[in-house]
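The structure appears right after this line, and notes come after that.
The values are calculated or read from the model by the stated rules, or taken from the named source; none is laboratory data. These numbers come from a predicted model, not from an experiment. Glycine also receives a Cβ, built like all others from the backbone with ideal geometry; neighbour counts cover every protein chain displayed.
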Amino acid sequence: MISRAGGAETEFKSDNLTESMDNVRNVVIMGSGCAGHTAALYTARANLVPLVIEGHEPGGQLSLTTLVENFPGFPEGIQGPELIANMRRQAERFGAEYKLAHVTGADLKADPFTLHLGKEVVRTRTLIISSGASARWLGLANEQALIGHGVSSCATCDGFFFSGKEIVVVGGGDSAMEEALFLTRFATKVTVIHRRDQFRASKIMLDRAQKHEKVEFLTNTVVEDVYDASKKEVTALKLRDLRNGKNWEFPTSAMFLGIGHIPNAKVFADQLDTDQDGYLKTTNYVFTKVPGVYACGDVQDRRYRQAITAAGSGCMAALEVEKFLEDQGH
Ligand code: NAP
């Protein structure tokens, strides 16, 4: 086995890893959101029989949203879970294979690459990392039950549903300011709730939000719960003022979280380059520093984070895989 990173010969030590080269996949795709399904579709149509490792959150962030109105081709919009299911069916039609598992370890130094799925091992000539980024949630008792019913981490996706309503954005960074400003297009009032009175947001974004007539701020305040799960809609938040410890109920129709995302790239932390927040660094859109390993979608994109941009970069990664395998004579 030739090491790609250092050029030195590397031998597999584990008894698990003694399969013949017949078992080596052409391409494994890690993650089954928009980017992963698109990469699967393209590599399947290139007869590479991709294996998609679905990951912890099959379907990715789209499976958490309701109506998607900004994915071209659906004039009436389409439900997020339906869109993602369609993408999967389309890739499967051309021979993509799916496995409900997640990658627990990886060796990208040897050729072929080795991926650990718990106790199982998969080896592959190329790897597309499309493991996405997971929204950071607050961890409130009723939060998960109300996702898609007034609790959201995506203003662009869900803001429209709160036209004429009063809503809340949680966070004190650029994402929260951006969400708050975007949501003023629909809401009659947006209250930004932040746990401190200092903000991480850039001055310009904070200024814009503070000057906006529809945006109000509640600082030194934390959300302790969200109601009302039994009605399947957001009616109020339980807040605590950190200065005096007092709780009170704050009526609202929605709670948007802008408290950051966590890219799902930890498993590669010591093998691929990441930025200070853990996003995979890529050049020429999808190239990582390891030849044959590509990254696409939200795991490497902290800027656009849209379904359509994720799909586009999934396509790019797939085309690079084809070219790489061809160049290698496979
Ligand atoms: P961020 O800068 O890390 O800010 C996260 C905010 O959420 C912080 O104010 C933090 O509070 C708060 N927070 C985190 N966990 C919390 C919790 N459990 N409970 C309550 N509050 C919590 O993240 P971001 O706003 O997503 O930005 C990430 C990066 O993307 C930044 O570099 C940002 O500049 C960039 N970005 C840029 C733009 C733009 O330029 N248009 C837009 C979006 C993002 P504390 O401050 O108390 O820690």
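Might you check whether a residue that is within 12 Å of the ligand (Cβ to nearest atom) and in a loop (DSSP other than H, G, I, E, B) occurs anywhere in region 221-241?
no
Is one or more of the residues making up region 103-115 under 23 Å from Pro263 (Cα atoms), modelled with pLDDT of 95 or more, outside the structural domain of Lys238 (by TED's automatic domain parsing) and surrounded by fewer than 17 Cβ atoms within 10 Å (Cβ to Cβ)?
Yes, there is a match, as at least one residue in region 103-115 is under 23 Å from Pro263 (Cα atoms), modelled with pLDDT of 95 or more, outside the structural domain of Lys238 (by TED's automatic domain parsing) and surrounded by fewer than 17 Cβ atoms within 10 Å (Cβ to Cβ).
Could you grab me the full set of residues in region 242-278 that are assigned to a loop (DSSP other than H, G, I, E, B), aliphatic (A, V, I, L, M) and modelled with pLDDT of 95 or more?
Leu242, Ala254, Ile259, Ala265, Leu272
Pairs needed: first member in region 195-210, in contact (Cβ under 8 Å) with a residue 24 or more places away in the chain and in a loop (DSSP other than H, G, I, E, B); second member anywhere, of a type in the set (Val, Ile, Thr) and near the ligand (Cβ under 7 Å from one of its atoms); C-beta distance under 7 Å; at least 6 residues apart or different chains.
Arg195/Val222
Restricting to region 64-88, give me the number of residues that are over 12 Å from Cys157 (Cα atoms), touching a residue at least 12 places away in the same chain (Cβ under 8 Å) and not in a loop (DSSP other than H, G, I, E, B). Give the steps one after another, and end with the answer.
Going residue by residue through region 64-88, those that are over 12 Å from Cys157 (Cα atoms) are 72-76, 81-88.
Filter once more, so that each one left must be touching a residue at least 12 places away in the same chain (Cβ under 8 Å): 72, 81, 83-85, 87-88.
Filter once more, keeping what is not in a loop (DSSP other than H, G, I, E, B): 81, 83-85, 87-88.
Going through region 64-88 one residue at a time, the tally reaches 6.
Hey, among Gly55, Gly73, which residue is surrounded by fewer than 15 Cβ atoms within 10 Å (Cβ to Cβ) and among the small types (Gly, Ala, Ser)? Explain how you work it out, then say what you get.
Working: Gly55 fails: surrounded by fewer than 15 Cβ atoms within 10 Å (Cβ to Cβ).
Matching residue, one of Gly55, Gly73: Gly73.
Going residue by residue through region 309-327, is there one that turns out to be at pLDDT 95 or above and within 16 Å of the ligand (Cβ to nearest atom)?
Taking region 309-327 as the starting set, the residues that turn out to be at pLDDT 95 or above are 309-327.
Then drop every residue that is not within 16 Å of the ligand (Cβ to nearest atom), which leaves 309.
Yes, region 309-327 contains a residue that is at pLDDT 95 or above and within 16 Å of the ligand (Cβ to nearest atom).
Scan region 42-65 residue by residue and report those that are in contact with a Pro (Cβ under 9 Å, 6 or more places away or on another chain) and more than 24 Å from Leu108 (Cα to Cα).
Correct list: Gly59, Leu62, Ser63, Leu64, Thr65.
Any idea how many residues of region 100-157 are under 18 Å from Gly55 (Cβ atoms), of a type in the set (Ser, Thr, Tyr) and within 20 Å of the chain's Cα centre (by Cα)?
Result for region 100-157: 5.
Just to confirm my filter: which strands (runs of 3 or more DSSP E) fall fully inside region 97-192 and include at least 3 residues that are away from the ligand (no atom under 16 Å from the Cβ) and of a type outside the set (A, V, I, L, M, F, W, C)? Explain how you work it out, then say what you get.
Numbers: elements: 97-99, 105-107, 113-117, 120-129, 133-135, 166-170.
Filter on region 97-192 gives 97-99, 120-129.
Quick check on this structure: which one of Arg195, Arg125 is in contact with a His (Cβ under 9 Å, 6 or more places away or on another chain) and among the charged types (D, E, K, R)?
Details: Arg195 fails: in contact with a His (Cβ under 9 Å, 6 or more places away or on another chain).
Testing whether each residue is in contact with a His (Cβ under 9 Å, 6 or more places away or on another chain) and among the charged types (D, E, K, R) leaves just Arg125.
Could you please find all residues in region 202-220 being at pLDDT below 95 and buried (at least 17 other Cβ atoms within 10 Å of the Cβ)?
Residue satisfying the conditions is Met205 alone.
The rows are residues; the columns are (1) aromatic (Phe, Trp, Tyr); (2) modelled with pLDDT of 95 or more; (3) outside the structural domain of Cys34 (by TED's automatic domain parsing).
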position	(1), (2), (3)
Glu92	no, yes, no
Thr126	no, yes, no
Lys165	no, yes, yes
Phe182	yes, no, yes
Phe186	yes, yes, yes
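Lys266 passes all but one of (1) within 14 Å of the ligand (Cβ to nearest atom); (2) over 21 Å from His149 (Cα atoms); which number fails?
(1)
Restricting the search to region 287-308, which residues are over 17 Å from Ala135 (Cβ atoms) and assigned to a helix (DSSP H, G or I)? So that I can check it myself, show each step before the final result.
Just the residues of region 287-308 that are over 17 Å from Ala135 (Cβ atoms), to begin with: 287-296, 308.
Residue satisfying the conditions is Ile308 alone.
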